[in-house]
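The values are calculated or read from the model by the stated rules, or taken from the named source; none is laboratory data. Remember, predicted model here, so these are calculated numbers, not experimental data. Cβ sites come from the backbone with ideal geometry, for glycine too, and all protein chains shown count toward neighbours. For the accessible areas, the whole protein counts, side chains as well, though only heavy atoms, and no ligand, DNA or RNA atoms are used. Shrake-Rupley method; radii C 1.70, N 1.55, O 1.52, S 1.80 Å.
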Amino acid sequence: VYATDLFEHDTAASLVRHYRHLLEQITENATLPIARLRLTTDADIATLHQLGNIPLTAKAPPLSNVVEAFEDQAALHPHAVALVFEDRTLTYGALNTRANRLAHHLVTLGVQPEDRVAIVMDRSLELLVAIVATLKAGAAYVPLDPSWPEARLALTLNDSEAAVVLTQQAHQERTRGATRDEVPVVALDASSTHETVARMGSATPVVNGRSAHSLAYIIYTSGSTGTPKGAGIEHHSIVNRLVWMQRYLGFNSRNRVLQKTPITFDVSVWELLLPLREGAALVIATPDAHRDPVLIYNIMHEQQITTVHFVPPMLEHFIAALPRADSRLLPSLEDVVCSGQELPLRTSRTAADRLPHIVLHNLYGPTEAAVDVTAYTFSPDRKRNSVPIGVPVDNTMA
């Protein structure tokens, strides 16, 4: 007997099957430690492995470097808009040239393949130039928050063994105070840096040993359970994630993504790199805009954003702040991606009610597994008491 308004039949049957399996184990061996009792049956485990193996066998893992597709886009569409920040824009050709020159400058500062380049910057055009240049130089970028206490900056800079630190003039003094004396600290918005980088005669890519198995970036944990720890991700892993998302969303060059996640969180990786991989426009939110739902709405409306990410609590605040208009809100918006916390069913239904033309996606995954490992497309018509985390993304084992 079960409450039909809360549970589907298959769910109730599964609960009974698991409970019976638990009891059978106890009756077969009453001295078995509780930690060794299993709710899942052998059939359940076989099903999970089969589900996890479907993407693995169906898709060939992409083995490429994350900047290769961007360089292809820059060559094919040099005049297409790559970045938008406030009233400034940067084309694919211009971004490629600036990143190449900065990559050469990093090499002159001693950066070698597999080195780490720490980035202590607010959202800006220069932030993207720094990230792309670091990857072009064959190094891994280490994003750090300028607002962190100096002690935390020092801890992560030391732990990552950063060879160079890229920052802005507003944060240069604090960053230098947290950095070892022998490590160069470069303010990208300083006139002296502009002059030095501009003197780099070659705007061609750096020729180095970057490969699909090179380290792409290191994201540090929050440190809520102890000392912050860095999770390093190789190029082929994040490329796999980006290739899957392109197909999952039907993402292409006509899309416009709002980049508002702080770069110290792994969600920012796909926000930053997916548009550049596919020739789309990346709209960079002003610093701290991610905390203001009204400002976010205005940017999305003015910039005709098609794809955006929210952590569930912010999605709830964003929906509550939407104008009470009769006409359709944010007509350009197509995909809203949620991750980072559990997505409440009430929030999902409210979003579907206020923005009925969008597709809402619930993604889940640890930083160590290249951002996300499962995905679910929300349907308001299905009878559920929670929002599932979905099925594995490509090449993810259950």
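Enumerate the pairs (first residue in region 337-350 and free of Cβ contacts under 8 Å to residues at least 60 places away in the same chain; second residue anywhere and open to solvent by 10 Å² or more (accessible area, probe 1.4 Å) and in a loop (DSSP other than H, G, I, E, B)) with beta-carbon separation below 6 Å, excluding pairs fewer than 6 apart on the same chain, so at least 6 apart or on different chains.
341/311; 343/387; 345/386; 345/387; 348/378; 348/387; 349/380
Can you list the helices (runs of 4 or more DSSP H) lying wholly within region 245-347 that have 3 or more residues being open to solvent by 10 Å² or more (accessible area, probe 1.4 Å) and over 30 Å from residue 68 (Cβ atoms)?
Ranges flagged: 293-303, 312-321.
Scan region 229-243 and report the pairs whose first residue is touching a residue at least 24 places away in the same chain (Cβ under 8 Å) and open to solvent by 20 Å² or more (accessible area, probe 1.4 Å) and whose second residue is part of a helix (DSSP H, G or I) and among the hydrophobic types (A, V, I, L, M, F, W, C), with Cβ atoms within less than 9 Å and a gap of 6+ or a chain change.
237/369
Being open to solvent by less than 30 Å² (accessible area, probe 1.4 Å) and either free of Cβ contacts under 8 Å to residues at least 12 places away in the same chain or under 13 Å from residue 98 (Cβ atoms) (or both) is the filter here, so list the residues in region 71-85 that pass it.
74, 82, 83
Please work out if residue 363 is out of contact with any helix residue (DSSP H, G or I) (no Cβ under 8 Å at 6 or more places or on another chain) and buried (at least 16 other Cβ atoms within 10 Å of the Cβ).
Criteria met by residue 363.
Under 19 Å from the mean Cα position of the chain (by Cα), within 20 Å of residue 238 (Cβ to Cβ) and acidic (Asp, Glu): which single residue out of 368, 342 fits that description?
Every option except 368 fails the conditions.
Restricting attention to region 15-37, does a residue exist that is closer than 24 Å to residue 386 by Cα, modelled with pLDDT of 85 or more, assigned to a loop (DSSP other than H, G, I, E, B) and open to solvent by 50 Å² or more (accessible area, probe 1.4 Å)?
no
Out of the residues in region 167-202 meeting the condition of being within 20 Å of residue 94 (Cα to Cα) and β-branched (Val, Ile, Thr), tell me which one is surrounded by the fewest Cβ atoms within 10 Å (Cβ to Cβ).
Checking each candidate, the answer is 196.
Report the residue count in region 38-72 for those that are of a type outside the set (Ser, Thr, Tyr) and modelled with pLDDT of 75 or more.
Looking only at that region, the number is 15.
Out of curiosity, is residue 89 more than 17 Å from residue 189 (Cα to Cα) and of a type in the set (Val, Ile, Thr)?
no
Being within 15 Å of residue 179 (Cα to Cα) and in contact with a Gly (Cβ under 7 Å, 6 or more places away or on another chain) is the filter; apply it to region 131-162 and report the residue that is modelled with the lowest pLDDT.
150
For residue 217, indicate whether it is under 26 Å from residue 367 (Cβ atoms), assigned to a helix (DSSP H, G or I) and in contact with a strand residue (DSSP E or B) (Cβ under 7 Å, 6 or more places away or on another chain). Give the derivation first.
Values: under 26 Å from residue 367 (Cβ atoms): yes; assigned to a helix (DSSP H, G or I): no; in contact with a strand residue (DSSP E or B) (Cβ under 7 Å, 6 or more places away or on another chain): yes.
No: the conditions fail for residue 217.
Check whether at least one residue in region 177-188 is part of a helix (DSSP H, G or I) and free of Cβ contacts under 8 Å to residues at least 24 places away in the same chain, and report yes or no.
No: region 177-188 contains no residue that is part of a helix (DSSP H, G or I) and free of Cβ contacts under 8 Å to residues at least 24 places away in the same chain.
Would you point out which residue out of 142, 111, 129 is open to solvent by less than 20 Å² (accessible area, probe 1.4 Å), farther than 22 Å from residue 204 by Cα and either hydrophobic (A, V, I, L, M, F, W, C) or without any contact (Cβ under 8 Å) to a residue 40 or more places away in the chain (or both)? Steps first, answer last, please.
Numbers: 111 fails: farther than 22 Å from residue 204 by Cα; 129 fails: farther than 22 Å from residue 204 by Cα.
Going through 142, 111, 129 in turn, the sole match is 142.
Against the condition surrounded by 19 or more Cβ atoms within 10 Å (Cβ to Cβ) and not polar (S, T, N, Q), how does residue 387 come out, does it pass?
The answer is yes for residue 387.
State which residue is farthest from residue 232 (Cα to Cα) when the search covers only region 154-166 and only residues that are in a helix (DSSP H, G or I) and open to solvent by less than 80 Å² (accessible area, probe 1.4 Å).
154
Going through region 304-331 one residue at a time, which ones are of a type outside the set (A, V, I, L, M, F, W, C) and farther than 20 Å from residue 261 by Cα?
Step one: filter region 304-331 for residues of a type outside the set (A, V, I, L, M, F, W, C), giving 304, 306-307, 309, 312-313, 316-317, 323-324, 326-328, 331.
Correct list: 323, 324, 326, 327, 328, 331.
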